[in-house]
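S.K.: Below: one structure in C-alpha cells.
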Amino acid sequence: MSSTREEILAPVHIRGAEAAWVLSAHTYALLVPVVFVFAVYRYWDYLVGVTYNPFLFFVAAALFSAGSAFEVGQNTLDNWYLTSDTASANGFGLCDFLFYWLITAGQAVSAVAIGGDKPWVLALAAASVVALPLLYFNNGPYVVALSFANLLAIGLAFRTFGDPVVFLQLLGVAATVYFFQALLKTGAQVLHGFTTLTASSGVWFLIWAIANGAARQSNSWLLMGGVVVAALVGGVALWPYVSGLPVSRRRAVIVGT
C-alpha cells in the first residue's frame, strides 16, 4: 500500500527542487493578496479619503486568492507539467476558466474600489467581467478582457495615487509573457515558477503607490524609465540562456494499491 506522501505527490510530475520551486511560487501567489489586505488596513484612512469604496479592495483580494486556488487546481489536473496543449498553458479547462474569470473580476473590482462613483467605470468594469466567459467559451482572445480590466485599474490608480510606479505592473505582464513563452519553447518547468512569480507580483506596485500617496510623495518618471530599460536589456541578454534551458524530465510516479 502506498504512503500518504506518495498519494499526495502522485499528480506532481516534476522533480525534486524544481517541484519545490514551482509549488512555492504558487503558494506565494496565494498569499500575496493577504499582504494587500494588510496594506489596505494600514492605509485605510487615506484610502477612505481618495477612493470610492476601499472595502472593495478586500473583495478584490479574495477574488485574486480564489483565482490562484483554481490555478493550482488546474495545474494539479495537468500534473504540474506544462506543455502547449495543457489547459494551464494554451488549452482550456474549467479551473483554468475560473482562474481567468476571478482574476479579471478582481481587477474590475479594484477599479470600482477606486473610481466606482463614475458610471463609466462601473460600465467598463462590468463589461470586462461579462466579456471573459463569452470570449473563453467561444475560443476568443479572452486575455483581452483581463488586460482591459487591468489597464482600467492601473489608469485609475495612477490618477488617484499619483505615482507612476503603478505602471510597472505592465512590466510584470511583459515578464510573465517572457517566461511563459520560454517555458513553452523549452519545456523547462522551472520557468513555470518564474511565470507564476511575475504574474502574481503586480499588486506590490499598487501597494507601493498607495503608500507613497499616503506619504504625499511619488517616484519619478526617470526612475521608472530606468527600471524598464534595465529590465529590457536584462531580458534580451538572458534570452539565449533562458530559451536554451533543457527540457525537464518527468518524475516517475508509481502508486501502489
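No value in this document is a laboratory result; all are computed from the given coordinates. What you see is a predicted model; the values in this text were computed from it and never measured. All Cβ positions, even for glycine, are placed from backbone atoms using ideal geometry, and neighbour counts span all protein chains on display.
S.K.: Pull out the extension gain between L31 and L238, defined as 0.36 nm times the separation in residues minus the alpha carbon to alpha carbon distance; nm, one decimal.
M.R.: Gain on stretching L31 to L238: 71.6 nm.
S.K.: Which is farthest toward the positive dipole end of the chain among L222, A105, L135, measuring Cα position about the Cα centre, with Cβ charges +1 (Lys, Arg) and -1 (Asp, Glu)?
M.R.: Result: L222, furthest along the dipole toward the positive end.
S.K.: Please state the equivalent ellipsoid semi-axes for the chain: what are the square roots of 5 times the Cα gyration tensor eigenvalues, largest first, in whole Å?
M.R.: 33, 21, 18
S.K.: About the Cα centre, and with charges only on the beta carbon of Lys, Arg (+1) and Asp, Glu (-1), how big is the dipole of the range 4-242? Nearest 20 debye, please.
M.R.: Dipole size: approximately 480 debye.
S.K.: State which helices in the chain qualify, where a helix is a whole DSSP H run, it must extend 20 Å or more along its own axis by its Cα atoms, and its mean Kyte-Doolittle hydropathy must be at least 0.0.
M.R.: For the chain, where a helix must reach 20 Å along its axis and average at least 0.0, the hits are 16-42, 55-77, 94-115, 119-136, 143-161, 168-186, 221-242.
S.K.: Which value in nm describes the separation of the simple spin-label points at R159 and Q217, placed 7 Å from the Cα toward the beta carbon?
M.R.: About 2.7 nm, to one decimal.
S.K.: Which of L171, L238, L122 moves most in a GNM of the chain, Cα contacts under 10 Å?
M.R.: L238
S.K.: When all C-alpha to C-alpha distances in the range 136-257 are sorted into bins of 10 Å, what percent of pairs does each bin hold, rounded to whole numbers?
M.R.: 12, 32, 30, 18, 6, 2, 0
S.K.: Here's another thing I want to ask about it. Along its principal axes, what span do the Cα atoms of the range 1-78 show, with the longest given first and each in whole Å?
M.R.: In descending order, the Cα extents are 59, 20, 19 Å.
S.K.: Here's a follow-up. Any idea what the relative contact order of the range 4-242 is, in percent, if you count C-alpha pairs under 8 Å spaced at least 6 apart?
M.R.: This gives 22 percent for the range 4-242.
S.K.: Rounded to the nearest 0.05, what FRET efficiency do N53 and A20 give with R0 = 41 Å and r taken as the Cβ-Cβ distance? Could you check?
M.R.: 0.55
S.K.: Relative contact order for the range 100-257 using alpha-carbon pairs under 8 Å, separation at least 6, rounded to a whole percent?
M.R.: Once normalised by length, the contact order is 22 percent.
S.K.: Using modelled backbone amide H atoms (1.01 Å from N, in-plane), which distant-in-sequence or interchain residues come within less than 5 Å of G116's amide H?
M.R.: Amide H neighbours of G116, under 5 Å, 5+ apart: Y52, N53.
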